[in-house]
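*Asks:* Here it is, the structure in full.
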Amino acid sequence: MGRPATKKDLLTASAEAYEKLCSIISNLSDKELNTPFDFEGEPSKKEAHWKRDKNPKDVLIHLYEWHRLLLKWVEANLNGESRPFLPEPYNWKSYGKMNVGFWNKHQCTTLAGATELLEKSHSEVMKLAEGFTDEELFSKGVYKWTGNSALGSYFCSNMSSHYNWAIKKLNAHKKNCRNMQ
C-alpha cells in the first residue's frame, strides 16, 4: 500500500504496521534484545539515527516521543493556541538534536516501560485520528496551522511511516545478530 490518502487507509496502515512492530519486538531473542545496535560497517546507513539508537527500547521511545509531539501540537492548535509542530528551539534543520534529547531523557526507561508508553501513545494517536473526517485529514488548507501540508500527512509520518522505519531498523539489527554467529 502506498502512503495513505484516506482516513480508512491511514488507520488500517497504522494498525497493521503497529501490530507488525509489536510482533517483531515480542519475538526478539535474548541475544537480539541484549546486543547493542551496530551499523558502523554499513555505508548505506549513514543517517544520524543509525548511530543514535542503541537498542529496541531507544526505537520505541523515539516513536513515543514523536507521538507526544503530534498529540500536543494538534490539541494546542485545535484549542486556539498557535504552536509549531516542533517545540522551540528546534526546527526542521535542528530536530536531530531534539531526538538526541529524547534519547538522553529515556536512558533509565526499560524496554517494558517503553513498550507501555508506546502502546498508550499509539492508542491516543489512533483515537485522535479517528475523530477527523477525510477532508480534515487529507485536504490542504483546512487548518492554517498545518501550513502547506494536510493534517493527515503529519499522522502518516508519525504513525505508519514511522512504524515502518522502526521495523526496518529492528530487522537490520536482527540480521546483524544472525551474522555474528
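The values are calculated or read from the model by the stated rules, or taken from the named source; none is laboratory data. From a predicted model like this one, the values you see are computed outputs, not experimental measurements. Reconstructed Cβ throughout: ideal geometry from the backbone, glycine too, with neighbour counts over all protein chains shown. The accessibility values were calculated without ligands, DNA or RNA, using every heavy atom of the protein model including side chains. Shrake-Rupley method; radii C 1.70, N 1.55, O 1.52, S 1.80 Å.
*Asks:* For region 58-141, run through the chymotrypsin sites (Phe, Trp or Tyr not before Pro) and keep only the ones in DSSP coil with at most 12 other Cβ atoms within 10 Å of their Cβ.
*Replies:* On the way: sites: TYR64, TRP66, TRP73, PHE85, TYR90, TRP92, TYR95, PHE102, TRP103, PHE132, PHE138; in loops: PHE85, TYR90, TRP92, PHE132.
Listed in order of number, the matching sites are TRP92.
*Asks:* In addition: Connecting C-alpha atoms closer than 10 Å in a GNM of the chain, tell me which of LYS120, LYS54, LYS31 has the biggest fluctuation.
*Replies:* Among LYS120, LYS54, LYS31, the largest mean-square fluctuation in the Gaussian network model of the chain belongs to LYS31.
*Asks:* Using a 1.4 Å probe, what is the accessible area per residue for region 32-85, in Å²?
*Replies:* Working: 2710 Å² over 54 residues.
For region 32-85, the solvent-accessible area averages 50 Å² per residue.
*Asks:* Please work out the FRET efficiency for the pair GLU136 and LYS20, using the Cβ-Cβ distance as r and a Förster radius of 25 Å; give the result to the nearest 0.05. Please list the in-between numbers first.
*Replies:* Numbers: r = 27 Å, r/R0 = 1.09.
After rounding, the FRET efficiency stands at 0.40.
*Asks:* What ranking of CYS177, CYS22, CYS108 comes out by heavy-atom accessible area, probe 1.4 Å, highest first?
*Replies:* Details: CYS177 5, CYS22 50, CYS108 135 Å².
Accessible-area ranking of CYS177, CYS22, CYS108, largest first: CYS108, CYS22, CYS177.
*Asks:* Then there is this: Which shape class applies to region 1-101: rounded if a/c is under 1.5, otherwise prolate when a/b exceeds b/c and oblate if not, where a ≥ b ≥ c are the square roots of the Cα gyration tensor eigenvalues?
*Replies:* Numbers: a/c = 2.09, a/b = 1.33, b/c = 1.57.
It is oblate, given that a/c is not under 1.5 and a/b is not larger than b/c.
*Asks:* Can you work out the Karplus-derived ³J(HN,Hα) for every residue in region 48-62? Use 6.51 cos²θ - 1.76 cosθ + 1.60 with θ = phi - 60°, whole Hz, and x for glycine or proline.
*Replies:* Whole-Hz 3J(HN,Hα) from phi for region 48-62: 4, 5, 5, 8, 5, 7, 10, 6, x, 4, 4, 5, 5, 5, 4.
*Asks:* Then there's this: What value, in deg cm²/dmol to 500, does the helix sum -39500 (n - 2.57) over DSSP H runs of n ≥ 4 give at 222 nm once divided by the residues of the chain?
*Replies:* Values: 9 runs with 116 residues, N = 181.
Rounded to the nearest 500, it is -20500 deg cm²/dmol.
*Asks:* Still on this structure: Whenever you get a sec, compute what percent of the accessible area on the chain sits on carbon and sulfur atoms (1.4 Å probe).
*Replies:* Values: 5110 of 10100 Å².
In the chain, the share of accessible area belonging to carbon and sulfur is 51 percent.
*Asks:* From zero outward in steps of 5 Å, how is the percent of C-alpha pairs of the chain spread across the bins?
*Replies:* In order of increasing distance, the bins hold 1, 8, 16, 19, 19, 16, 11, 6, 3, 1, 0, 0 percent.
*Asks:* Continuing with the same structure: When the Karplus curve 6.51 cos²θ - 1.76 cosθ + 1.60 is applied with θ = phi - 60°, which whole-Hz ³J(HN,Hα) does each residue of region 127-135 get, with x for Gly and Pro?
*Replies:* After applying 6.51 cos²θ - 1.76 cosθ + 1.60, I find 4, 4, 4, 4, x, 9, 7, 4, 4 Hz.
*Asks:* Mind listing the phi-derived Karplus ³J(HN,Hα) values for region 91-97, rounded to whole Hz, using 6.51, -1.76 and 1.60 with θ = phi - 60°, and x for any glycine or proline?
*Replies:* Residue by residue, region 91-97 yields 9, 6, 8, 10, 5, x, 5 Hz.
*Asks:* With a Förster radius of 30 Å, plug the Cβ-Cβ distance of THR35 and ARG3 into 1/(1 + (r/R0)^6) and report the FRET value to the nearest 0.05.
*Replies:* Numbers: r = 33 Å, r/R0 = 1.09.
The pair THR35/ARG3 has a calculated efficiency of 0.35.
*Asks:* What are the lysines whose alpha-carbon lies under 28 Å from the alpha-carbon of LYS93, with same-chain residues fewer than 8 places away excluded?
*Replies:* LYS45, LYS46, LYS51, LYS54, LYS57, LYS72, LYS105, LYS140, LYS144, LYS168, LYS169
*Asks:* Cut-off 10 angstrom, C-alpha nodes, Gaussian network model of the chain. Which of GLU65, GLU47, GLU75 fluctuates the most?
*Replies:* GLU47
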